[in-house]
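Engineer: I'd like to ask some things about the structure below.
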């Protein structure tokens, strides 16, 4: 009879313990939730700081790489030396530091923040390589094509400090960027980095751009008056661009606003200022080698090697060295394919003359390159370079019209109809060699002939020259006109103006009447005067390697 009472006593003890266990479970769950929330807050805070640090590193790196790009053009990088690592505690004026500061990282620390220190640190270095990224040739960009920006942020933590014993945790973000080669048609490119005005038009000239890239003209000078379009001059870009409905004019310096509508016809294009400069796309291109032979001139009859003159036949020139230049006057002239080394004097197209490409094999390049040099190529004194002179009434001698399909290299299709190139035309015609990359040289080891017309006029870079197209001669030029003054372009680079960057191309008088350039102009300074007109059909085929800034990692 005593057993039931014992059971009741035990059950009562159990009843008293049940409430205590529930409270302990609730406390444990609440503590876990609080710890989870605390760590969640810390981790979220660290995540957002990591994102902020990454944005700062990316923007700082791109800003620094833009300065590296500008330095390739001959203007010193802003407040830092490319290749010399620095941190933003001691180099705050540098572009990467300024952009890091704008994103909240002023680098008050001179090193990575120590444990327990709420601070940040920004450093900049120049790695020689980046895994998986191909560096441009040193001849193009120098030994330091890349930049790395590291951002360290000492972030305050709370619950996490219970585990690691410190009140802060460092967040690290890095960005790697640099200069990469991109292929694009080269527009009218005016290289001089500082002077004014480097693109200058006056009188009643007209520049008409058809087709090509979205930026048809680039003026690299950082001068506020780098572009000067005055008088009745007009720059007509309404037919430019990939869609033939307008292209841009970019200027690194200024003016910042476009001229009036009488001087500027953009279509859907824009006046872009400031616009990142485009460095010399031919910086790494060596000049053509001396042909090693003296060029010759012989007279051929109508139809021979494409001679178009049924009345008096043609004078045919072979590639080679010409001391004192070449004079074309009162005759029809053929130029065999190859390299023409003009050592001083002028390449003169005078009255009652026509020049045409020969159909002879020559060197197999299907075109000509005129290297404007002196009797000591590569070491020319000022005023000794050969120049080009297109005078009054050149291109007017009668003869068969030129079939413009001959201007296409093997492997290319017909020009787009929007370029408006007629099937046949009269007057002077010069064709650059057919190359693999739109530059030079033409040689079997570089792939032989290709689809892209290369450089037509190549100035010896060892000194400056002023090349002027005068008079009323009309021309079809297919290729690139390259006039650049930089004696050390293949080694240490150019000296600041006015020591280097002094070459110029001037279209004067009525030189552009009927002048059409299917290709590019790359020169230090471009001036147009008188009633000259130049219609540029930016060739869609040559893809020249130009430098661009890229965020790589």
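The values are calculated or read from the model by the stated rules, or taken from the named source; none is laboratory data. Quantities reported herein were computed from a predicted structural model and do not represent experimental measurements. Cβ: placed from backbone, ideal geometry, glycine included. Neighbour counts: every protein chain shown.
Engineer: Return the only residue of 305, 268 being under 30 Å from residue 180 (Cβ atoms) and modelled with pLDDT of 90 or more.
Structural biologist: Only one candidate qualifies: 268.
Engineer: Follow-up. Out of 317, 302, report the one residue that is farther than 30 Å from residue 222 by Cα and buried (at least 18 other Cβ atoms within 10 Å of the Cβ).
Structural biologist: None of the others qualify; the one that does is 317.
Engineer: Okay, next question. Filter the range 81-101 down to residues that are within 28 Å of the chain's Cα centre (by Cα) and surrounded by fewer than 20 Cβ atoms within 10 Å (Cβ to Cβ) and give me whichever is nearest to residue 50 (Cα to Cα).
Structural biologist: Among them, the one singled out is 98.
Engineer: Having 1 or more residues that are touching a strand residue (DSSP E or B) at 6+ places or on another chain (Cβ under 9 Å) and on the phi > 0 side of the Ramachandran plot is the bar; report the strands (runs of 3 or more DSSP E) wholly within the range 251-339 that clear it.
Structural biologist: Passing ranges, in order: 320-328.
Engineer: Can you name every residue in the range 386-411 that is part of a loop (DSSP other than H, G, I, E, B), surrounded by fewer than 19 Cβ atoms within 10 Å (Cβ to Cβ) and in contact with a strand residue (DSSP E or B) (Cβ under 6 Å, 6 or more places away or on another chain)?
Structural biologist: Selection gives 399, 401.
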